[in-house]
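The values are calculated or read from the model by the stated rules, or taken from the named source; none is laboratory data. Given the structure is predicted, the values throughout are model-derived calculations rather than measurements. Here the Cβ positions follow ideal geometry from the backbone for every residue, glycine too, while neighbour counts run over all protein chains shown. The accessibility values were calculated without ligands, DNA or RNA, using every heavy atom of the protein model including side chains. Shrake-Rupley method; radii C 1.70, N 1.55, O 1.52, S 1.80 Å.
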Amino acid sequence: MTKTLLSGNEAIARGAWEAGVEIAAAYPGTPSTEILQTLATYDGVYAEWSANEKVALDVAIGAAYAGKRALAAMKHVGLNVASESLFYSSYTGVNAGLVIITADDPGMHSSQNEQDNRNYARFAKVPMLEPSNSQEAKDFTMLAFDLSEQFDTPVLVRSTTRVSHAKSVVALGERTTYPQRKYVKNPAKYVMVPSNARGRHPVIEERLERLREWAETAEVNRIEWGDRKLGIVSAGAAYNYAREVFPEASFLKLGMAWPLPERLIREFAAAVDELVVVEELDPFIENWIRALGIPVRGKDIFPMVGEFTLGVVREAAERAGLLPSDGGAPVQPLADLPSRPPVMCAGCGHRDVFWLLRKLKVVINSDIGCYSLAVVPPLEATDTIGCMGASIGVASGMARAGLGTQRGRPRKNVAVIGDSTFFHSGIPALASAVYNQTPITVVVLDNRNTGMTGHQGNPASGDTLQGRPGKRIDIAAVARAMGVEYVAAVESRDWDALEKALREALDFPGPAVVVSHDICVFREHYTREPYRIIEDACNGCTLCFRIGCPAILKSDVIDVDSGRPKAYIDPAQCVGCGQCYDVCARQAIEPGAPIEFQL
Amino acid sequence: MNITNFLVTGVGGQGTLLAADIIAEVGLAQGLEAKKSEVHGMAQRGGVVVSHVRWGERVYSPLVSVGAVDYLIGQEIVEGMRFLHYLKPGGLLLLSSETLPPPSLTLSKIKYPAPEEALEAARKVTDRVVFIAAPKLAEELGNRRVANTILLGALSAQMPEVDPKFWLDVIVRRVPQKAVEVNREAFELGRKMGQEIAP
Ligand SMILES: Cc1ncc(C[n+]2csc(CCOP(=O)(O)OP(=O)(O)O)c2C)c(N)n1
Ligand code: SF4
Ligand code: SF4
């Protein structure tokens with residue numbers, strides 16, 4: 001058997017493949033993205049980026065109904081978008097196995113919240129498995145397909161950033177394929193009108209009880225006996241830290257987050273002096289145990305907020321007296337180091353749009369993507385960001401409440417939204433604004449990829465996950481077809497055209513759309529060599545610093561008159577976009593020579 | 001539990017994840033369990049990248065703890081300093097002379113630290129510091145990208161208990177075919193630099 005280092009995400013993909021998955025759909029989102037990217041490389045699998053998570057789950061549900069094993073993957077907040085489909089598929093059940101991966105993000109490494117998606121399993125009454133490492137990620141994904149078919153239910157597998165992005169050794173196996181299960185038309189099961197749904201609800205309750213019974217003896221829930229003074233119940237990534245911090249204790253390791261095994265927990269609790277739950281985020285297991293009437297500790301010791309680490313678990317245990325304290329205060333990081341927050345890349349076309357919007361002094365309701373970074377200095381352009389697709393609706397509400405017009409001249413609210421986000425959930429909001437004739441300006445940043453999550457294809461690019469021929473959808477044409485009466489499509493680097501379009505859109509009485517073709521430097525290249533500061537002409541005025549291009553640095557040379565450092569352009573980082581040239585008021589920046597492209 | 005902890009820190013584009021992958025695989029090659037975990041910025045260029053690697057008979061946590069790192073490999077001066085508190089007293093700091101000033105400095109009063117400041121701060125935690133002009137040496141070898149291999153060579157010299165063959169095997173497997181020779185040279189050069197102080 002081959003053993004190899006795999007990330008949790010790679011292992012989930014491998015497990016799905018070995019389990020014979022044939023259809024997989026997802027919308028990218030950290031930390032889940034690599035699952036579909038890996039699965040897409042395996043033979044015998046159709047894999048797609050859908051326009052959003054709900055669509056991805058519907059695609060997987062359809063495939064499972066049709067009799068092929070199917071998978072949908074998403075980040076935790078993606079399951080909010082897909083939750084409608086999770087709930088109906090719980091009622092309908094499946095035909096072939098259906099597995100839904102949710103990758104949660106405790107610590108919010110790249111998310112807007114740290115919701116605990118174990119709650120969805122309970123809410124939607126479906127089983128959930130929770131791996132702690134890559135081997136389990138593979139094994140549990142395979143098991144999830146079997147459980148799905150055995151109990152006629154979608155099965156959730158919950159990963160977290162630390163499971164998805166950590167690598168550990170996995171034993172690889174062969175792929176098993178299954179003949180397509182026969183689809184039999186069965187409206188009582190697959191058509192969720194009230195009369196049928198009423199019939200399904202008792203089936204779901206009864207299914208959950210059978211699953212609970214299964215969980216009592218499932219191998220994924222195991223007791224590791226140690227010293228019986230302290231009994232730890234743990235799961236997922238938290239188990240890894242707890243196991244190292246309490247090497248002597250007894251453990252109940254729960255691989256199945258829902259439903260929880262009552263008898264097993266009672267047996268374990270009865271055999272230990274003190275019962276403690278170590279779980280990240282919500283007191284999900286703890287509250288359930290307490291509801292059984294069993295004395296238990298958990299969130300009075302370990303934090304409810306943030307990601308666990310060895311240090312977090314150890315320090316909390318020491319504070320609670322579960323471990324002797326080593327007395328040493330933790331070492332502090334050095335102060336006053338230069339910070340390195342994420343910034344838009346050198347040459348990113350989003351910068352053009354925010355630079356001009358700032359000048360127009362409008363209220364900016366932004367959205368989620370690389371352009372979210374316009375909130376940090378030096379641009380600091382953004383008023384609000386919530387979740388994907390919120391920009392257009394929030395701008396509409398603000399406009400109705402009259403806020404957009406309060407900064408100086410009467411101006412409309414501006415919603416700024418990326419191309420991927422527009423197709424994800426912007427379109428219904430734009431439809432509402434058009435339908436109700438709400439006067440907002442929508443700027444769509446069309447960089448023809450889903451940048452933030454690693455440059456995936458989307459409907460604006462037409463590139464598909466497995467390289468099959470796709471079709472690019474023209475956003476301006478969509479807006480026109482939806483009845484928007486002012487639509488302009490411009491190149492972001494053409495500041496005159498962009499500014500003219502923005503001003504016209506703002507002055508237009510109804511909803512207006514400006515589609516800006518922003519270059520993402522990972523997909524398109526500028527055609528000039530690096531730009532250069534003309535040292536004699538630069539007086540260190542800092543204007544070019546204010547566009548926030550990471551290639552522009554402070555020079556060691558100080559301007560004698562102003563006493564300020566001059567600017568310096570790092571040729572290793574400059575991509576030759578010319579934004580700095582356009583802002584410099586002293587003509588102190590020299591364009592690079594045109595690049596001769598050789599074929 | 002006897003676990004060896006490594007932390008590799010750098011800036012996006014420096015090859016931090018590959019260097020950490022190689023360290024993890026050298027652990028596996030010795031028949032140990034190895035885990036690796038990374039914290040990196042988003043899709044944009046130039047963010048902080050930190051990779052945790054652990055070797056041992058049995059490893060549960062994929063993350064190392066503050067104050068517990070045996071080998072801190074800083075691929076850039078500021079990113080080496082940013083994670084100094086992870087080093088255990090007496091642990092080894094391998095610091096590259098690479099300087100990549102972040103853009104946040106343009107509108108701030110903070111200055112990019114000189115290498116001497118980094119070394120002084122490091123010596124408060126440990127006297128085992130190897131400072132290597134990796135980018136310059138790599139350029140002299142004709143390939144800037146082998147700076148990491150030089151650091152790995154130096155690391156290997158500080159771990160005499162590990163047969164250097166394990167390192168070379170993994171490096172040869174993980175670098176592009178046409179760069180194998182220059183990586184071998186870089187590794188040997190790094191080994192020499194790493195002998196500067198006693199392991
Ligand atoms: C519901 C949901 N799904 C996925 C994500 C992850 N995510 C963050 S930004 C983004 C899309 C960015 O694409 P786009 O709007 O085209 O902007 P760009 O990053 O290309 O500038 C995604 C998928 C999320 N935050 N929320
Ligand atoms: S990855 Fe592309 S879209 Fe994102 S900041 Fe960089 S250039 Fe802009
Ligand atoms: S041309 Fe100017 S703004 Fe564009 S990448 Fe180079 S330094 Fe940055």
Quick check: pseudo-label points 7 Å beyond the Cα along Cα→Cβ at B:Glu117 and A:Asn119, how many nm apart are they? 4.4 nm
Within 10 Å of the Cβ of an average residue in A:310-316, the count of other chain Cβ atoms is 3
Using the Kirkwood radius over Cα pairs of segment A:148-233, the Stokes-Einstein translational diffusion coefficient at 4 °C and 1.567 mPa s, in µm²/s and rounded to a whole number, is 73 µm²/s
What is the P(r) of segment B:135-175, as percent of Cα-Cα pairs per 10 Å bin from 0? 29, 49, 22, 0
Kirkwood Rh in Å, taken over chain B so that all alpha-carbon pairs contribute: 16.8 Å
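What is segment A:221-319's relative contact order, in percent, from Cα pairs under 8 angstrom and six or more apart in sequence?
Values: 161 pairs, mean separation 29.8, N = 99.
With pairs under 8 Å counted, the relative contact order is 30 percent.
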Using only the alpha-carbon atoms, what does segment A:405-477 span along each of its principal axes? Please give whole angstrom values in decreasing order. 48, 25, 16
For segment A:3-216, divide the Cα radius of gyration by the Kirkwood radius and give the resulting Rg/Rh value with two decimals. 0.95
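Subtracting the Cα-Cα distance from 0.36 nm times the residue separation, let me have the gained length for A:Leu292 to A:Glu224 in nm, one decimal. All intermediate terms of the calculation are to be shown ahead of the outcome.
Working: separation 68, 0.36 × 68 = 24.48 nm, distance 2.20 nm.
This chain segment gains 22.3 nm when fully extended.
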Tell me which residues come under 5 Å, amide H to amide H, from B:Val69 once H is placed; ignore anything under 5 positions away on its chain. B:Leu87, B:Lys88
Separation between Cα centres of segment A:382-405 and segment B:97-164, rounded to whole Å: 47 Å
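If the convex hull of the alpha-carbon atoms of segment A:186-284 is projected onto planes in all directions, what is the mean projected area in square nanometres? Let's see the in-between values first.
Numbers: hull surface 31.9 nm².
The number I arrive at for segment A:186-284 is 8.0 nm².
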Backbone N under 17 Å from the A:Glu485 label point (7 Å along Cα→Cβ), restricted to segment A:420-444: A:431-442
Expected output for segment A:530-558, residues with a loss of 10 Å² or more in accessible area relative to the chain alone at probe 1.4 Å, reads A:Phe545, A:Arg546, A:Pro550, A:Ile552, A:Leu553, A:Lys554
If eta is 0.692 mPa s and T is 37 °C, what Stokes-Einstein diffusion coefficient results for segment B:75-153, Kirkwood Rh from Cα pairs, in µm²/s? 245 µm²/s
Give the aspartates and glutamates whose C-alpha is closer than 18 Å to that of A:Lys54, dropping any in the same chain fewer than 8 places away, or say none. A:Glu84, A:Asp104, A:Asp419
Across all Cα atoms of segment A:38-158, Rg and the largest Cα-Cα distance (Dmax), in Å, are 13.4, 39
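Can you give the alpha-carbon Rg of segment A:365-491 over 2.2 N^0.38 Å, where N counts its residues? Show your work: numbers first, answer last.
Details: Rg = 14.9 Å, N = 127, 2.2 N^0.38 = 13.9 Å.
Expressed relative to 2.2 N^0.38 Å, the Cα Rg reads 1.08.
Please report the carbon-and-sulfur percent of the accessible area for the protein assembly as shown; probe 1.4 Å, protein heavy atoms only, DNA, RNA and ligands left out. If you can, show how the numbers build up before the last one.
On the way: 17050 of 31910 Å².
Carbon plus sulfur share of accessible area: 53 percent.
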Between their Cα atoms, which of A:Lys253/B:Lys36; A:Lys68/A:Lys471; B:Lys35/B:Lys165; A:Lys361/A:Lys471 are more than 28 Å away from each other? A:Lys361/A:Lys471
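Taking segment A:489-599, how much of its Cα-Cα pair set, in percent, is spaced more than 18 angstrom apart? Display every interim value, and only then the final one.
Working: 3527 of 6105 pairs.
Of all Cα-Cα distances in segment A:489-599, 58 percent exceed 18 Å.
Cβ neighbours within 10 Å, averaged per peptide: list A:529-537, A:434-442 in order, most packed at the top.
On the way: A:529-537: 15.7, A:434-442: 20.1.
With the highest mean Cβ count within 10 Å placed first, the list reads A:434-442, A:529-537.
Please average, across the residues of B:102-114, the number of beta carbons from any other chain that are within 10 Å of each residue's own beta carbon, and give a whole number.
Numbers: counts 8, 16, 10, 6, 15, 7, 4, 1, 4, 3, 4, 4, 0.
Going residue by residue through B:102-114 and averaging, the value is 6.
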For an R0 of 56 angstrom, estimate the FRET efficiency from the Cβ-Cβ distance between A:Arg263 and A:Ser432 and round to the nearest 0.05. 0.65
Long-range amide H partners of A:Ala82 with built H, under 5 Å: A:Lys54
What percent does the relative contact order of segment B:1-91 come to when contacts are Cα pairs within less than 8 Å and at least six residues apart? 37 percent
Do any residues of segment A:337-371 lose at least 50 Å² of accessible area when the full set of protein chains is present rather than just their chain alone, and if so which, with a 1.4 Å probe? A:Leu337, A:Pro338, A:Arg340
Please list, in order, the residues from segment A:78-99 whose amide nitrogen is less than 16 Å from a point placed 7 Å along the Cα→Cβ vector of A:Asn186. A:89-98
Find the Rg to Rh ratio for segment B:1-62, where Rh is the Kirkwood radius over alpha-carbon pairs and Rg uses the same atoms. 1.03
Convex hull over the alpha-carbon atoms of segment A:313-364: what's its volume per residue in Å³? 192 Å³
Shape box of the protein assembly as shown [Cα atoms, principal axes, largest first, Å]: 80, 75, 52
Write down the percent of antiparallel bridges among all DSSP beta bridges whose residues are both part of segment A:221-371, to the nearest 5. 25 percent
Percent antiparallel among DSSP beta bridges (both partners in the protein assembly as shown, rounded to 5): 35 percent
Considering only segment A:350-517, what is the antiparallel percent among its DSSP beta bridges, to the nearest 5? 5 percent
Ignoring ligands and nucleic acids, what accessible area does A:Cys538 show with a 1.4 Å probe (Å², nearest 10)? 20 Å²
Just to confirm the number: angle between the C-alpha axis of helix A:134-151 and the first principal axis of chain A, 0 to 90 degrees, nearest 10? 70 degrees
extent check for segment A:257-327: Cα max minus min per principal axis, descending, whole Å, gives 39, 26, 16
For the protein assembly as shown: accessible area per residue (Å², 1.4 Å): 40 Å²
For the interface of chains B and A, what total accessible area is buried with a 1.4 Å probe, rounded to the nearest 100 Å²? 4200 Å²
Just want to confirm a number: the relative contact order over chain A, from Cα pairs under 8 angstrom separated by 6+ residues, in percent. 10 percent
Take the alpha-carbon positions of segment A:411-546, form their convex hull, and give its projected area averaged over all directions (one quarter of the hull surface) in nm². 10.7 nm²
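Tell me the Kirkwood hydrodynamic radius of segment A:532-590 in angstroms, computed as one over the mean inverse distance between distinct C-alpha pairs. Write down the numbers at each step before the final one.
Working: mean 1/r = 0.0891 Å⁻¹.
Its Kirkwood hydrodynamic radius stands at 11.2 Å.
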